[in-house]
Amino acid sequence: MKIFILILLLFSNSAIAWKNFENINVPKIIKPDAKQRLLLKKGITAIQKDNLKEALNNLVPIADMGYLKASVSLAKYLYKSKHMKLFKLSHKYHYIAAKHNMWQSQVVISYAYLQGDYTKKNFLMARYWLDKAAYNGGGSQIDSLYEKLNQISYKQAKILIEQKKYNAAEKILKPMAKIRYKNSKSLLNSIQKIGKNGEKKQKIVEKLNTNNGKKKQAATQYHLAITYLKDKNISKEKQQRALKLLKKSGAPGNSSAQFKLGLIMLKGDLIKQDIKQGIHWLRMSAEQENKDAQYTLGVYYISGTKIPKDDYEAHRWFKRASNNGHIKATHNLGITYLYGIGVSSDKPKAMYWLNKAKKNGNYKSSQILKNQNNNRASYKENKKYKNHKTHDKKEIYEAVKGHNWFSSIKGSDKYSLQLLVAFNFDTLLKFLKQNNIKSSYFHYSRKTDQSQKQHILIYGIFDDYESAFAYAKKISNDFKKFKPWVRKISAIEDETKL
């Protein structure tokens, strides 16, 4: 009853009368005197005893004067409250703290804008406050909120495009295009090319609908193939039918079909084993951001099973799979950092990724962290990787030719073809000469884990996956025998960035 009366008294004033954060009066920071410091001490003691009345009596007056520590203490304490009005009051003090560069409070305000808590939903303001939190020390601790913000913003941008609200969509897509989130840059480029007459605007919507139709058809073919394959008594005829369906659905870019097809070819369960084609389909799926394909490639590279062992490639694929939410890949990424496998050893990064895996229920990560915390890491495990040779990215990749053409490409969401991987440089030169390739190509080299040099040839630029795949099917027989595969420009940029 006392708490109820206290709440009524508290909210008879303007403490929670504001409707948006912009209406909150933010005081200037003061240098507290002895009396104010004493009130802060009493207030913190009251919080520790969970005495709401004493905490409010001591902290509210000095927080409203501009005593930042009082604002932060109140914000954290009231934010845990289940009472709606007290929870709203916590947002007032979080906003004051956020305006004075306290990153934890900036995260709270960002989340409030994202959810529409005590203010209108505003994705731009949510990103603004999250960027400030990152700048002020939030770091990797706010990654999950960034991911959630990007997912919601991307969906909202697509809805706005379908509703022909292009200006609003453009504002949302601009910051996402800078970080190359999904195909946000492609959508943004399309919007920016729109003419005043609005005819091109309609084409964007039509293109989106056409692509969605192709994807739905590919998904139907994939699910039908899986239905066939689940049958334990499947006939040879149905096996062939399932494989044809997987290829049909994989060609337009269905990453699940590409992944399944790759596994079938690698294992040789239903057809004759074809390791090169299996890896080819796995890579196609991985480039489409299929986390299972990315993780599987990492496992093959780190174990040297069926393909040459390459620790850097393993680390790279584990990292991409982890960024897409694959828990086992997150654990493996932590291990690569811990022991310097394919990357320079970095214990803080190792602890970060292992902790992330542990939080998501990975038992192995929790055991390794326990050993690390107790300083009882296995001597044998450390000795195993003690002399392990690693390469920094600068040592691994070396841009050789075509850099000017490649760097001039606008649109990292576009696609290209990897035509050749050769251990002998003369093979690459011979290939270029035989096929009269003089432009629109990029050649770079890299060192494998065994310090062998590979020469990689990238050719052509395509607006979407379907166009690149169609071109790969039409090119000469000489090209085809090298089994070209479609790659995203952004992935090549990440791989070759010095």
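The values are calculated or read from the model by the stated rules, or taken from the named source; none is laboratory data. Computed from a predicted model, the values in this text were never measured in an experiment. Here the Cβ is made from the backbone with ideal geometry for all residues, glycine too, and neighbour counts use every protein chain on show.
The condition of being at pLDDT 85 or above, of a type outside the set (Lys, Arg) and farther than 16 Å from ILE302 by Cα holds for only one of LEU369, LEU354, that being LEU354.
Matching residues to (1) among the basic types (Lys, Arg); (2) surrounded by fewer than 21 Cβ atoms within 10 Å (Cβ to Cβ); (3) under 23 Å from PRO484 (Cα atoms):
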{"position": "PHE259", "(1), (2), (3)": "no, no, yes"}
{"position": "MET284", "(1), (2), (3)": "no, no, yes"}
{"position": "GLU289", "(1), (2), (3)": "no, yes, yes"}
{"position": "TYR300", "(1), (2), (3)": "no, no, yes"}
{"position": "ARG320", "(1), (2), (3)": "yes, no, yes"}
{"position": "HIS331", "(1), (2), (3)": "no, no, no"}
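For MET65, are the conditions met, namely being surrounded by fewer than 20 Cβ atoms within 10 Å (Cβ to Cβ) and modelled with pLDDT under 90?
On the way: surrounded by fewer than 20 Cβ atoms within 10 Å (Cβ to Cβ): yes; modelled with pLDDT under 90: no.
In short, no.
Exactly one residue among LYS272, LYS291, LYS260, LYS309 is touching a His at 6+ places or on another chain (Cβ under 6 Å), at pLDDT 75 or above and of a type in the set (Lys, Arg), and that residue is LYS291.
The set of residues from the range 243-257 being modelled with pLDDT of 70 or more and in a loop (DSSP other than H, G, I, E, B) comprises just one member, ASN254. Evaluate the following for TYR93: is it farther than 23 Å from ALA157 by Cα and not basic (Lys, Arg)? Spelling it out, TYR93 is indeed farther than 23 Å from ALA157 by Cα and not basic (Lys, Arg).
Is it true that some residue in the range 82-104 is free of Cβ contacts under 8 Å to residues at least 40 places away in the same chain and surrounded by fewer than 14 Cβ atoms within 10 Å (Cβ to Cβ)?
To start, the set of residues in the range 82-104 that are free of Cβ contacts under 8 Å to residues at least 40 places away in the same chain comprises 82, 84, 87, 90, 93-94, 97-98, 101-104.
Retained after the next criterion (residues that are surrounded by fewer than 14 Cβ atoms within 10 Å (Cβ to Cβ)): 82, 84.
Yes, because at least one residue in the range 82-104 is free of Cβ contacts under 8 Å to residues at least 40 places away in the same chain and surrounded by fewer than 14 Cβ atoms within 10 Å (Cβ to Cβ).
Consider PHE406 carefully, then state whether it is modelled with pLDDT under 75, buried (at least 16 other Cβ atoms within 10 Å of the Cβ) and part of a helix (DSSP H, G or I). Judged against the criteria, PHE406 is a match.
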